[in-house]
1. What span do the alpha-carbon atoms of the range A:470-528 cover on each of the three principal axes, reported in whole Å from largest to smallest?
2. Can you tally the net charge around B:F33? Count Lys and Arg as +1, Asp and Glu as -1, for every other residue whose Cβ sits under 13 Å from the Cβ of B:F33.
3. Averaged across A:593-600, how many Cβ atoms of other chains sit within 10 Å of each residue's Cβ atom?
4. For chain B, what value does the Rg/Rh ratio take when both radii are computed over Cα atoms and Rh is the Kirkwood radius, given to two decimals?
5. Between A:N773 and B:F33, what FRET efficiency comes out of the Förster formula 1/(1 + (r/R0)^6) with R0 = 56 Å and r the beta carbon distance, rounded to 0.05?
6. What list do you get for B:T336, A:T547 if you sort them by fewest beta carbons within 10 Å?
7. Label A:S876 and B:K277 with points 7 Å out from Cα along Cα→Cβ: what is the distance between them in nm?
8. So what is the 222 nm mean residue ellipticity for chain A from helices alone, if each DSSP H run of at least 4 adds -39500 (n - 2.57) and you divide by all residues, rounding to the nearest 500 deg cm²/dmol?
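Here, each number is a calculation from the coordinates, and none is a lab measurement. Not measured: the values here are computed from a predicted model. Reconstructed Cβ throughout: ideal geometry from the backbone, glycine too, with neighbour counts over all protein chains shown.
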Amino acid sequence: EVMLIPTRPRLFSVCRNEDLKEMLESSKESLKLEAMKRIVGLIAKGKNASELFPAVVKNVASKNIELKKLVYVYLVRYAEEQQDLALLSISTFQRALKDPNQFIRASALRVLSSIRVPIIVPIMMLAIKEAAADLSPYVRKTSAHAIQKLFSLDADQKEQLIEVIEKLLKDKSTLVAGSVVMAFEEVCPDRIDLIHKNYRKLCNLLVDVEEWGQVVIISMLTRYARTQFTSPWKEVRGQSGEVMKAFYESDSEEKKGHTEEKPYIMDPDHRLLLRNTKPLLQSRNTAVVMSVAQLYWHLAPKHEVSIVTKSLVRLLRSHREVQYIVLQNIATMSIQRKGMFEPFMKSFYVRSTDATHIKTLKLEILTNLANEANISTILREFQTYVKSQDKAFAAATIQAIGRCATNISEVTDTCLNGLVLLLSNRDETVVAESVVVIKKLLQTQPTQHSEIIKHMAKLFDNITVPMARASILWLIGEYCERVPKIAPDVLRKMAKSFTAEEDIVKLQTVNLAAKLYLTNSKQTKLLTQYILNLGKYDQNYDIRDRTRFIRQLIVPSEKSGALNKYARRILLAPKPAPVLESSFKDRDRFQLGTLSHSLNSKATGYQELSDWPAVAPDQSVRNVEIIEASGSDSEEESSESEKTSSDSGKSSSGSEQSSSESELEQKKKKKTKKVPQKKSKPTAADRYSEIPAVCWSLRVTTSSFGPVKTYELLHHMTGKGLAAKYHFPRQPCLYQPSMVAVQVILSNSSDHSLEEIHIGDRSPASLSIHCFNTIERLEPEASVTVSMGIDFSDSTQAANFQLCTKEDQFSVSIQPAVGELLMPSSMTEQDFCKEQGKLQGMNETSATITMETANASSQAISKQVLSVANVGVVSSSQNNFSRFAGRTVSSGALVLVSLELKESSTALLTINTEKTVMASMLLRDIKQALTQA
Amino acid sequence: MIHSLFLVNASGDIFLEKHWKSVVSRSVCDYFFEAQERATEPENVPPVIPTPHHYLISVLRHRIYFVAVIQSEVPPLFVIEFLHRVVDTFQDYFGVCTEAAIKDNVVVVYELLEEMLDNGFPLATESNILKELIKPPTILRTMVNTITGSTNVGEQLPTGQLSVVPWRRTGVKYTNNEAYFDVVEEIDAIIDKSGSTITAEIQGVIDACVKLTGMPDLTLSFMNPRLLDDVSFHPCVRFKRWEAERILSFIPPDGNFRLLSYHVSSQNLVAIPVYVKHNITFREGSSQGRFDLTLGPKQTMGKAVESVLVSSQLPRGVLNANLNPSQGTYTFDPVTKLLSWDVGKINPQKLPSLKGTMSLQAGASKPDENPTINIQFKIQQMAISGLKVNRLDMYGEKYKPFKGIKYMTKAGNLCQFRLH
């Protein structure tokens, strides 16, 4: 019952807002929903419902999806006006952005980005960045839309948004492509460089993109292509005739002459675009068809453009508004390329049911298409149009006939005669228009036409339309010498009716009088004087001025002087004929299919289509490296290693942000280099892949144990300001598996910048080192971390090399601890025992040690052992046993460490490996670590 | 792209507005009203109108203007096509697209518009997807919703957005699996006084109603595909297959959709299935005119010509008409001078005729022309071009669907006889 009361219209209108508020605050979902529906109804009607904001915004977190959606509608509409209150809802959206349902994430982003409140710009930015990396393409699409919203809210975010656009442009989803290109067009249409790498992908995706996206992408690619490819029109422009000849006569001689000029070869990418857009001519979406048509018009070789004709003509069967736009574009095209549309001439015949603007456009096109061959058909068609009941259209047809008559000289006389016949038409507008057009035609035809003028003079009394009367008067005046008898008589009649005429007729009467006065003053002197006197006192000042001027010019007096002599030459000078041309003549300055073209004026945000470049820019920018399938694995691995290395970097030296960044760069380089190397050295690769995947995670854990020791490589006193430290990051070396990874931290403690830091000579000469890339410049106080790889060949012999700057060379050496020459190996306890069994006798080294009590627990033991050696922990079922396994980096020999706890802190330490030298050194190191506190 | 949308009725009232970006005052429509006033007919309002700060792009359907407000350069066809899509969607949802229907369903309209555009850029326009997001209103559902408080809005993201066939929803289930295809051809022609054809063309469409379970993959082949000169497809049709084999291969959307539009090449002569005999005379000085019109069938292969409707715009001088139809009914509107005659079916044995007198304005000069006559008609079970479907096959699903095909020919927007 309660629900129904407010639906009564009277009550509803009286206390609308109070009721709605009450309903929104009620606990019943259905009431809230009903209230929201009414509020949306108010918004739809354009009524103000902003008062209800506090009550509505409370429901933003509702569980009911429809209610929630309606609240969203409301929020988007009023948030701008109620910014403070709108902020209350933000946290709800932030939460929803993390929702597992992609639909909710997307809609939260849609609404959040539609709330035009400047204060939430950073939140929006963050949300967009996150959504752009979302797994759901639908959410990514929404983020592309949000980019534009944020940009229009705060243009200062441009740079950051471009980064997101750049990322999304790489997206391979057809769902995203259209939207991100739209964002690109809105935010940074001039950043054509972002397109290069994505060009081929966009071309290939195009057919599968949704229709609206296709329009946007095609229009962007049109602009792109005009900046990147050379013109395919050159041969046609220069000497079309010659080219045609070469085409038909396959004589070798003729061809030779041509090959001297550089033949045009279309860029394959240019062809790709044309080829991939062509099927879209068959789209049901008229906007898509039009955009392909304009692409061909602006980009295709001239002889290929005509494939779009049929599709454009097809669009003429669509809705009236579609016809209007398509006809406008055909009108522009048909001026330059009659041949394209001539076979379809009949499609442009006017139907009586067409709207006036459609009729006018069809007339325009028919006129453009007229030539000697088809003019008779067209004129016959025009004849029926003249009889149309739509008089404005009939008048336009007469104009069109006039244009045909001037353009095609063969039919000028026929047209003229036809128009003269129309002078006896019952309809005034038809007659008037005919007079005006005849006037223009006679001007262009300097032959004998006194008959027509006489005929018109006869009709003069019956014509009332001022423009037509004025035109006849002008004609008689201009050619008064050809109709010497009639002209004075017309003037006589005009003198009688002068005061009752319209202004334009009066002006032409004055003109006629003046011209007759100069040529036939005997008969017309008095009449002229009379008309000039009437004009002198006319109400219109233009007519008074003109009269005064004409009198001074033609009537000799003592004041008038020299001008008088030239009166005849001034008034009766031969006048250039008016040019009758299409109103679409200069429309081709606009890109076809655009709003600007439709309006014939530059619309806001119109992007000029650039001219073809004379020389094509570098084609290779569009090349994309193909990422190998195996690349993805290594990418993952190295991203892991990045984490660990930066961790260790921090803990060891607290190196600055800049250093770790450059480190990342180094890593990236490594990544790309690693893949080919894997291929070139199959043996290494085999061994590499032998290591089970689990060991990797093990390694991560081990290396995070304990502080990593950093050693000095070069003191700044000896290094003249250049200081270097190094440590072992304990990750597999990316350059070569047999190398040990070393990170070197270079810092500049001098007061000037150091340049070209690199590695010079090394000893022993056979020592294989992977050097870091030369550091071009190191500023004072700055430091940089670089990675290198050294193959120590499983020996602790120091690697000596020279660290060079531009000016100096410093000999340095890296002496590895034996534990660093290992890498962890994961194995089960059984495997460990089995392997240990194989490495008995000579290969076993053992010692009984007395441990520091603090080290007695198995955890402490692990920590100590791992700090000394880069080995992996082998999970043990026996409490009193600790086992560790590793391999030497260079040769991959197994190194097994086991520790058996005995009573009172004594333990038996055993090392099994074929590398006995390493074993004794390792034994010593571990013993030392465990016996010390 | 599209900033705002205003719906304007025939009397020039804005009855709905929707904004996708910041709000544009409805006063921007004043420029539209000016143009509307200048236009003699509702159809004559220019589709693109520039104003100082915005551009108005409008379409007129069902006597409602859909006026979109644009702020910067955009392909006008993009907007026009979209607006028509909106109208189609409304029609699909409410059965009719009238002011009353829109006002009654204003919430659904708003929800639809919200989903169809995001920030002025089309988001979801496929009917299959929209229907999953927002259920079309039915009387039953409206009642249930009022009682239970449940909603029209779907809770899941339509699966189509993410699948490879974005036009088809997943999980379609029917107990009766059926696929119907309607081949509908329209003739557009202009015939001159002597009965010879000035221009004639046939365009056709294949509309489908497919209710099949699962993900069926259909192929449709024609006996004479060469007849089709120019085609445009629903996005579901595989273009390459058509190019190579002239076979329509597609995974259909669920429900009603237009599979194909085509144009029959103009080399084939088009026979107009009706002819007109006429004798309309006005005499100078007389206030009477004679009107005599007879229709007859021509080359219909024995099929009946039905639903014939004749309309003609008589000259302005005609005050009234006093006519006598041999069958059907006629009306004459003295204001618009529009004569229309609902003939019905043409019986070849007894040809329908309309005879009588017209009274003319006293003293007015004789109208100098004969009017043009527009004719509407339908012929069932025949495609005038002779296009024939060969077979329909289904792959990808195991059941046997029921398949049906229907042919029809009708007059297009214009089948015009010029009597002058």
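1. That gives 26, 22, 15 Å along the principal axes, largest extent first.
2. Combined, the nearby Lys, Arg, Asp and Glu give -2.
3. 5
4. Over the Cα atoms of chain B, Rg/Rh equals 1.01.
5. Numbers: r = 70 Å, r/R0 = 1.25.
It comes out at approximately 0.20.
6. B:T336, A:T547
7. 11.8 nm
8. About -17000 deg cm²/dmol.
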